[in-house]
1. Given the conditions (1) at pLDDT below 85; (2) open to solvent by 90 Å² or more (accessible area, probe 1.4 Å), report the number of the one that I20 does not fulfil.
2. Considering only region 49-105, state which residues are open to solvent by 40 Å² or more (accessible area, probe 1.4 Å), of a type in the set (A, V, I, L, M) and not in a helix (DSSP H, G or I).
3. Between V86, V77, which is more than 15 Å from I26 (Cβ to Cβ) and among the hydrophobic types (A, V, I, L, M, F, W, C)?
4. Looking at region 23-43, which of the residues that are over 19 Å from M95 (Cβ atoms) and small (G, A, S) is modelled with the highest pLDDT?
5. Restricting the search to region 61-105, which residues are touching a residue at least 40 places away in the same chain (Cβ under 8 Å) and among the charged types (D, E, K, R)?
6. Return the total of residues in region 1-17 being among the hydroxyl-bearing types (S, T, Y) and either farther than 18 Å from Q70 by Cα or loosely packed, with under 14 Cβ neighbours inside 10 Å (or both).
Amino acid sequence: MFSTTTNAVEGRPVRDYLGIVTGEVIVGANIFRDLFASITDIVGGRSGKYEDVLARARKQALAEMEAEAQKLGGDAVIGVDIDYEVLGQNGSMLMVSASGTAVRL
């Protein structure tokens, strides 16, 4: 599966547009609090553990989006957008969502 933020794949014309596909992952903020409580690798204001959790959530959201595209018979997703949102009454959850258009090249 090929995913790109662009609206076309150079040299590969879109044969069929199959529809919008999405992937969402929601992570509880208590995980982040626990990570912050035990962080020992903060250098220059960055937390490797926090970034690892975000990277894992992003990869999962992209994988879900690509799996949905594959179910539709697509071999690529174009126009991919990744968003991060804080959810819950006290900002207790973080949602990572990926969306794009499934296509057959």
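1. (1)
2. Those that are open to solvent by 40 Å² or more (accessible area, probe 1.4 Å), of a type in the set (A, V, I, L, M) and not in a helix (DSSP H, G or I): L72, I82, V86, L87, M93, M95.
3. On inspection, the qualifying residue turns out to be V77.
4. Taking the candidates together, the pick is S38.
5. E64, E66, E68, D75, D81, R104 - these are the residues of region 61-105 that are touching a residue at least 40 places away in the same chain (Cβ under 8 Å) and among the charged types (D, E, K, R).
6. Initially, region 1-17 is screened for residues among the hydroxyl-bearing types (S, T, Y), giving 3-6, 17.
So of that shortlist, the ones also either farther than 18 Å from Q70 by Cα or loosely packed, with under 14 Cβ neighbours inside 10 Å (or both) come out as 5-6, 17.
Residues flagged as among the hydroxyl-bearing types (S, T, Y) and either farther than 18 Å from Q70 by Cα or loosely packed, with under 14 Cβ neighbours inside 10 Å (or both) within region 1-17 amount to 3.
The values are calculated or read from the model by the stated rules, or taken from the named source; none is laboratory data. For clarity, every value in this text was computed on a predicted model and none was experimentally measured. Backbone-built Cβ (ideal geometry, glycine too); neighbour counts: all protein chains shown. Note: areas computed on protein heavy atoms with side chains; ligands, DNA, RNA excluded. Shrake-Rupley method; radii C 1.70, N 1.55, O 1.52, S 1.80 Å.
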